[in-house]
Amino acid sequence: MNKINLTKIFKKNKKNRTQELSLEEKIDKLEKELKRQRSLPRLIYKAIINGIFATFGATIVFGLLIIKINRMIEKSEEIPIINKIIEKSELKNLFSNYEQNCQ
């Protein structure tokens, strides 16, 4: 906003003279804050932090998904349909090989 337009609007109301200055000061502070928040170094910093936390969150979700699949495979002997699917896809061998490599 243009400050000249604001002062023309507020000069009509002389009783609130102190409020005029405070509003102009607030607008100046908001403009400075917007410039600071939109600066290139700050945007780069925020992008890096967001990327790190997104990667961290995706890793946790992926780990939980693997744990859930592993538990489903372990309990698959109780459910014959899932057992057939696991035998065809050889998922049980994949997890047993992974467990042996980790030990």
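No lab work stands behind these numbers, since they all come straight from the coordinates. Worth saying up front: this structure is predicted, and the values here are computed from it rather than measured.
So what J values fall out for region 81-90 if you push phi through Karplus, 6.51 cos²θ - 1.76 cosθ + 1.60 with θ = phi - 60°, rounded to Hz, Gly and Pro as x?
Ordered by residue, 3J(HN,Hα) equals 5, 5, 4, 5, 5, 5, 5, 5, 8, 6 Hz.
Taking a quarter of the surface of the Cα convex hull of region 40-93, what do you get in nm²?
Hull-based average projected area comes out at 4.8 nm².
Calculate, in nm to one decimal, what residue 65 and residue 23 gain on full extension: separation in residues at 0.36 nm each, minus their alpha carbon distance. Numbers along the way, then the final one.
Numbers: separation 42, 0.36 × 42 = 15.12 nm, distance 5.31 nm.
Roughly 9.8 nm would be gained on extension.
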